[in-house]
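Student: This structure is in structure tokens; I'll ask about it shortly.
The values are calculated or read from the model by the stated rules, or taken from the named source; none is laboratory data. Quick caveat, the model's predicted, so the values are computed rather than measured. Glycine gets a Cβ as well: all are built from the backbone with ideal geometry, and neighbour counts include every protein chain shown. Quick note on the areas: whole protein, heavy atoms, side chains included, nothing else; ligands and nucleic acids left out. Shrake-Rupley method; radii C 1.70, N 1.55, O 1.52, S 1.80 Å.
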Amino acid sequence: MDDAWEKRLGVAWDRLDTYDEENAGEFRALIDGLAAELPEGHPAGLFERACAFDSTGHSDRAVPLYREALERGLDGYRKRRTVIQLASSLRNVGRAEEGVALLTPELDAPSDELDDAVRACLALCLANLGREREGLSLVLGALAPHLPRYQRSMANYARELVADTPA
């Protein structure tokens, strides 16, 4: 992988919305072609293929690719994205409890720009499991710092939502 490859990959992803259901296979083929430029089994290639399936409505086909990317040592920013996206895909295929198990440790991971995505996906997984108050608490807690006012109030409300929730 080099900067030129990453740039071509970015251009491909920027065009995702120009594909519809009928030609989604063309988008996946484009990503497959870019991934094929990497050594076979390269974790970044597996990740990008998984993303292409996921983004075109095939979470079931994305899950094993995300898992393999992690098993093959995907690291850095793509690793955290993989955990988030794998959890989301697991929720989409009816395995939200596995998504919760993946994302919960991410709440204590070093902070980065993906923190809110972790909370949003975890909230969705929790909602699928009937734990909406916990999910809403996460979402409000993530939203509060971005508000122009009421940050303290919203953060307090987020804590109150789960204060009386049995563990």
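Student: Please compute the modelled spin-label separation between LEU114 and ASP164, points set 7 Å along Cα→Cβ, answer in nm with one decimal.
Tutor: 3.7 nm
Student: What does the charge count around PHE53 come to, taking other residues whose C-beta lies under 15 Å from its C-beta (Lys +1, Arg +1, Asp -1, Glu -1)?
Tutor: -2
Student: Over the stretch 48-167, with the other protein chains present, what is the accessible area per residue in square angstrom, probe 1.4 angstrom?
Tutor: 56 Å²
Student: Let me ask another. Just round it to a whole percent: the fraction of Cα-Cα distances in the chain exceeding 19 Å.
Tutor: Tail of the P(r) past 19 Å holds 61 percent of the pairs.
Student: Follow-up. Rank these by accessible area, largest first, 1.4 Å probe: TRP13, TRP5.
Tutor: Ranked list, largest accessible area first: TRP13, TRP5.
Student: Which value, in Å³ per residue, describes the convex hull spanned by the Cα atoms of the stretch 53-94? Let's see the in-between values first.
Tutor: On the way: hull volume 2.2 nm³, N = 42.
Enclosed volume per residue, from the Cα hull, is 53 Å³.
Student: Still on this structure, I have one more. Please state the shape class of the stretch 1-84: rounded when a/c is under 1.5, otherwise prolate if a/b exceeds b/c and oblate if not, all from the C-alpha gyration tensor. Intermediate values should be presented prior to the final figure.
Tutor: Details: a/c = 1.77, a/b = 1.24, b/c = 1.43.
Oblate.
Student: Treat every Asp and Glu Cβ in the chain as -1 and every Lys and Arg Cβ as +1, leave all other atoms uncharged, and give the resulting dipole magnitude about the Cα centre to the nearest 20 debye.
Tutor: On the way: 20 positive and 30 negative charges, 108 e Å.
Value, rounded to 20: 520 debye.
Student: Still on this structure, please answer the following. Once the other residues with Cβ under 15 Å from the Cβ of ASN23 are scored (Lys, Arg +1; Asp, Glu -1), what is the net sum?
Tutor: For residues surrounding ASN23, the net value is -4.
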